[in-house]
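Student: Submitted below is the structure of interest, expressed as structure tokens.
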Amino acid sequence: LMVARFLERGKEFGVRKAFGASRRQMLLQGLTEAGIVNLLLGFAYAEHMQTALEDMQVAAQLNEAKIIMQDNFNRNLSCQEVAARICMSYSRFRRLFRQYVGFAPAQYLLELKINKSKELLTNSALTCQEIAFESGFEYPSHFNIAFKKKTGITPNQYRDLTQGRLQEIPDSIHL
């Protein structure tokens with residue numbers, strides 16, 4: 001705009017003769033295109049900053065979800081309930097949680113339960129049934145199945161292994 005004004009005012013000073021009409025149009029077009037490019041770059045930067053801000057907000061929401069899960073895993077917490085508590089739709093929560101954490105929210109809850117049960121099996125004299133309930137499993141049979149699927153051994157074998165009572169380590173173990 002300033003260049004256009006300069007060129008318009010330049011008529012008074014003989015600028016038109018120096019540049020010529022076509023040269024002046026080329027100069028104006030180039031400056032206009034540069035302005036458009038700068039405007040587009042500004043929009044791209046603003047979009048990037050908005051995305052970064054949204055990413056920070058999403059990260060904060062997902063960290064809050066992890067805290068909610070860690071504090072409540074033993075009370076039969078559903079992933080839908082966690083999503084609602086962080087004000088996010090369940091499908092978006094599940095997708096973003098998997099991207100952010102590396103596995104699905106239900107798997108994360110199961111890992112929390114299994115880790116708590118490992119701690120209790122190693123450091124307490126509670127029965128497997130009590131440990132199942134303390135770890136957030138509704139039924140001891142679900143606990144036994146999930147534990148064996150995750151570790152490759154039963155909860156009793158794990159207890160014996162960690163307390164030095166298991167003489168032979170099974171090949172299927174993956175702690």
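Student: Before we move on, is GLU111 of a type outside the set (Ser, Thr, Tyr), closer than 24 Å to TYR90 by Cα and open to solvent by 20 Å² or more (accessible area, probe 1.4 Å)?
Tutor: It is true that GLU111 is of a type outside the set (Ser, Thr, Tyr), closer than 24 Å to TYR90 by Cα and open to solvent by 20 Å² or more (accessible area, probe 1.4 Å).
Student: For ALA59, indicate whether it is in a helix (DSSP H, G or I), buried (at least 18 other Cβ atoms within 10 Å of the Cβ), of a type in the set (A, V, I, L, M, F, W, C) and within 14 Å of the chain's Cα centre (by Cα).
Tutor: no
Student: Continuing with this model, one more query. Kindly provide the set of residues from region 126-147 that are open to solvent by less than 100 Å² (accessible area, probe 1.4 Å) and more than 20 Å from ASP71 (Cα to Cα), ordered by number.
Tutor: The answer is LEU126, THR127, CYS128, PRO140, SER141, HIS142, ASN144, ALA146, PHE147.
Conditions (1) modelled with pLDDT of 95 or more; (2) open to solvent by 20 Å² or more (accessible area, probe 1.4 Å); (3) in a helix (DSSP H, G or I), marked per residue:
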residue: ILE68; (1), (2), (3): yes, no, yes
residue: PHE73; (1), (2), (3): no, yes, yes
residue: VAL82; (1), (2), (3): yes, no, yes
residue: ARG95; (1), (2), (3): no, yes, yes
residue: TYR100; (1), (2), (3): no, yes, yes
residue: PHE103; (1), (2), (3): no, yes, no
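Student: Can you say whether ARG165 is over 30 Å from ASP55 (Cβ atoms) and open to solvent by 70 Å² or more (accessible area, probe 1.4 Å), as far as the supplied structure shows?
Tutor: For ARG165, the condition - over 30 Å from ASP55 (Cβ atoms) and open to solvent by 70 Å² or more (accessible area, probe 1.4 Å) - is met.
The values are calculated or read from the model by the stated rules, or taken from the named source; none is laboratory data. None of these values were measured; they are calculated from a predicted model. Cβ: placed from backbone, ideal geometry, glycine included. Neighbour counts: every protein chain shown. Just so you know, the surface numbers come from the protein's heavy atoms only, side chains and all, with ligands and any DNA or RNA stripped out. Shrake-Rupley method; radii C 1.70, N 1.55, O 1.52, S 1.80 Å.
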